[in-house]
Every structure is written in structure tokens, then in C-alpha cells.
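Presented below is the structure to which this report refers.
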Amino acid sequence: MNGNLVITIGRQCGSKGMLVGQKLAEAMGVKCYDKELLTEAAKHSGLSEELFETHDEKPTNSFLYSLVMDTYSMGYNSSAYMDMPINHKIFLAQFDTIKKLANETSCVIVGRCADYALADYPNTVTVYITGDEEDKIAYIQELYNVNEAKAKDIMIKTDKKRASYYNYYASKRWGEAKGYDLCLNCSSVGVDGAVKIIQEFAKVKIEKNKEKK
């Protein structure tokens, strides 16, 4: 445990959650980790970065989650780890990297079950970003230069993939309000408004933690 402030952001596709994370990190003077987390995990695990990109946030149901975490507790040199499907190795490497980052520095981490990995870290603020459907679709259209139907398809499939990954590995449900410290509708408050609200919320939570000590 340490005093580093880590803000994790779960987000619906098209909600501008990534933009919120980037602007929040800039305002805090810290790094924002999204795809950058894959590079860090590859560096520390010895697995290739290409493997992380190919299997990023993709679960497999080949065997029970509990076995994955049992193996995690035994370490990377165990025979069970060596026989583990690559998806699980990727998850464990990211899980380790998230904890390593939190121990080293304050930062913002987008996606990848970071809120679950840091559940025991008191100075973590877990945030979930949503948006109105029409706003999300319009943003995806702009981002990928696609028509409305394609944008909606991307939104539905991406959210389904994120939910599947999160629900498989975490002990909570993706997008369920009770699993997060703070849920924000970016359509209601805007990106800059979301950044301000998260910063204020984080201050209050940190102060509350200090009172408990």
C-alpha cells in the first residue's frame, strides 16, 4: 500500500472515456495508460507485444477463472502457468503490471479490469463513463469515418467484448453502478466537466481515507 493516487476508467464505446482519461492525466500531471499498458506488460513479462495486441481484452472459457488466480499465486515459473492458454497469460501479465504501476506512481488507467486489480488499494478511484446513444454513435462515426449503421455495430460489438472480458475475469459486473466509486454520463457534463468532477471526487475520497487512519 502507498499514497499514490490511481484513477481507473471503465467506459462505454463512444462515451469519450479515453479522452476523459487523457485530459484527466494531463490535469494531474501524470501518465495515462491504455494501449501503453500492453507495452509495459510485454516488457515485464517477456511475452511479445504482438501477442498482447492480438489477445487484448479477449477472454477464453477454456477453464475456470479460479484456476487462473490459483496459478497467479504460485508464480510464473509453475508448470500450471507454462501450460496456461495465452489469453490467461496476457491477463496475468497485465494484472501484475497494473499493480506495479500503482506501487510506483500516481496515474490514470483506462480499461483492462484495473479497478479489480487495485481493489485493495485505498487511494484508487474507480470511474465508469457512459454517454447518450446518439452522442456515442456520432462520435464513433467521426472517429472511424463510418456511417451511422456501422458506428452502431462497432459500439454494440465493442461493449459486448469489454463486458465479456470484465465479467469473466473480475468479481463484479461491467457497467454496474455499485461496482464503481463514480459513474458519469459524458453527454451530460462533457469531457472537461467529467475531468473536474473526477478530480473533486478524488480529493474528497482521499481526505475521507485520511480520516479513517
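Within the range 103-122, which residues are surrounded by fewer than 24 Cβ atoms within 10 Å (Cβ to Cβ) and outside any loop (DSSP other than H, G, I, E, B)? Hits for the range 103-122 are Asn103, Glu104, Cys107, Tyr116. Under the condition of being open to solvent by less than 40 Å² (accessible area, probe 1.4 Å) and part of a loop (DSSP other than H, G, I, E, B), the residues counted in the range 13-29 number 3. In summary, helices (runs of 4 or more DSSP H) completely within the range 128-213 and bearing 3 or more residues that are among the hydrophobic types (A, V, I, L, M, F, W, C) and open to solvent by 30 Å² or more (accessible area, probe 1.4 Å) occur at 148-169, 186-212.
Here is a check on your reading of the model: is Gly14 farther than 19 Å from Val125 by Cα, modelled with pLDDT of 75 or more and small (Gly, Ala, Ser)? Here the answer is yes, as Gly14 does meet what is asked.
Contact annotation: residue pairs with Cβ atoms under 6 Å, 6 or more positions apart or on different chains, pairing a residue in the range 116-127 that is more than 24 Å from Ala163 (Cβ to Cβ) with a partner that is modelled with pLDDT of 95 or more, are Asn123/Leu5.
The values are calculated or read from the model by the stated rules, or taken from the named source; none is laboratory data. Source: prediction; values computed, not measured. Note that we place each Cβ from the backbone using ideal geometry, even for glycine, and neighbour counts take in every protein chain shown. Accessible surface is based on the protein model in full, side chains and every heavy atom, while ligands, DNA and RNA are left aside. Shrake-Rupley method; radii C 1.70, N 1.55, O 1.52, S 1.80 Å.
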